[in-house]
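Read the structure below first, then the notes.
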Amino acid sequence: MNVDHYFKKENLDLNLKDKIFVITGANSGIGFALAKLYAKYHGKVIFACRNKDRANAAIERILKLYPDFDYDFIYFDQSNQNSIKLFIETLYEKYPNYHSLILNAGILKAAKEEKTNEGLFLINGTNFINLVFLINELVKKNGVSEYRHKIIFQGSLMTSFAHYSKSCLLKSNSKGFSSYNVSKLGVESLFYFLSTNNKNININYYLAEPGVCKSNIYHFLPSFLSKIADGFVSIFFHSADKGCLSAFVLSISDKYHILRPRGLLSIRGFPKQYKIRKKVKKYYIDIIKQAKSLL
Ligand SMILES: NC(=O)c1ccc[n+]([C@@H]2O[C@H](COP(=O)([O-])OP(=O)(O)OC[C@H]3O[C@@H](n4cnc5c(N)ncnc54)[C@H](OP(=O)(O)O)[C@@H]3O)[C@@H](O)[C@H]2O)c1
């Protein structure tokens, strides 16, 4: 099945003119593939990125394909709560009518132990705890907004491998992969918590999963290992162009709330509706409490 055939089957309204899509981490991998797809269907994309040069390079690549591409850039560093606050303020000032915010930025592992601006472990702090902070800021702003917005979290199948414990956010430093798994358990928990406690009719929450796909997520590896990883993922898994489909479909269709690619280990790339994981249902309140205590 090709992507066009999939869109036809899903009966999607692909006229995105006048719709504004905000993507965090839009300069690379899945975020970039998503920006390209919105550009193809004439949607406006706001690049929420931490590096303007990398964002500009990505924008140039899209402009070569779609010269009429409409875009903007807002500085956004998810490892820094001041930056997140400023980002939300700027977003609501410039684009109060944005259609969807895709919370895609994330980091798998740091080359060495690092901390966020507030001294949290880098992986948990960036991927999860600071998303709790971001949502708090956004909900405050949205209380006075007259527009409806879709908020889409980028989850991961690594949630299934996450080891939950009472103090997992404090214990999992950024040296191993367990911190990433726990951070994604946190992201899925945050989605579930918000969707089951949502009192604001102007915001709707969604969970997208890309499966395993080729991107720059393993760039912390030495370059020869990164090349091996690239080759392995290209042979056995799918591309970022397919990995972005869950978030894309959730943003333009009202049919689903959770999408992740079908197949064992999500190999095929084309999204399918799923339910929340049992593990998340069991731990979500605890893990949100842990995150809030660290804010
Ligand atoms: N690839 C997969 O197989 C896979 C599987 C499951 C889930 N995911 C999730 O998909 C999302 C996108 O990952 P990807 O695979 O596309 O990886 P990627 O190519 O490395 O893209 C990650 C993006 O996040 C940005 N980012 C990282 N830290 C940031 C920060 N502190 N502030 C702002 N932006 C930051 C990166 O910016 P820079 O370019 O400036 O570093 C980059 O644009 C992540 O949430 C990841 O966990 C990926």
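Rule-based calculations on the coordinates, nothing more; no lab input. In this text the structure is predicted, and so the values were computed from the model without any measurement. As a convention, Cβ positions derive from the backbone with ideal geometry for all residues, glycine included, and neighbour counts pool all protein chains shown.
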Quiz item: Do any trypsin sites (Lys or Arg not before Pro) in segment 198-237 lie in a DSSP loop with no more than 12 other beta carbon atoms within 10 Å, and if so, which?
Solution: LYS199
Quiz item: Not counting the cut sites, what is the longest span of the chain without GluC sites (Glu not before Pro) that DSSP labels loop and that have at most 14 other Cβ atoms within 10 Å?
Solution: 147-295
Quiz item: Taking a quarter of the surface of the Cα convex hull of segment 162-295, what do you get in nm²?
Solution: 9.5 nm²
Quiz item: Of ASN56, ASN80, ASN200, which is the most mobile in a GNM of the chain whose springs link Cα atoms less than 10 angstrom apart?
Solution: ASN200
Quiz item: Farthest toward the dipole's positive end in segment 207-295, which of LEU245, PRO222, LEU294, given Cβ charges of +1 (Lys, Arg) and -1 (Asp, Glu) about the Cα centre?
Solution: LEU294
Self-check item: Stretch gain in nm, segment MET1-LYS64, where the contour uses 0.36 nm per residue and the Cα spacing is subtracted
Solution: 20.0 nm
Quiz item: Taking the Cα centre of the chain as the origin, how large is its charge dipole in debye, to the nearest 20, when only Lys and Arg (+1) and Asp and Glu (-1) carry charge on their Cβ atoms?
Solution: 1020 debye
Practice problem: Would you please classify the overall shape of the chain from the alpha carbon gyration tensor, given that a ≥ b ≥ c denote the square roots of the eigenvalues, rounded means a/c under 1.5, and beyond that prolate means a/b larger than b/c while oblate covers the rest? | Solution: rounded
Quiz item: In debye to the nearest 20, how big a dipole does segment 1-126 give about its Cα centre with +1 on each Lys and Arg Cβ and -1 on each Asp and Glu Cβ?
Solution: 300 debye
Quiz item: Exactly which trypsin sites (Lys or Arg not before Pro) in segment 46-119 are in a DSSP loop and have at most 14 other Cβ atoms within 10 Å?
Solution: LYS112
Quiz prompt | Given charges at Cβ of Lys, Arg, Asp, Glu: the chain dipole, positive-most of GLY119, ASN15, LEU207 | solution = LEU207
Quiz item: Which listed residue (TYR192, PHE47, GLN154) has the Cα farthest towards the positive end of the charge dipole for the chain, taking +1 on Lys and Arg C-beta and -1 on Asp and Glu C-beta about the Cα centre?
Solution: TYR192
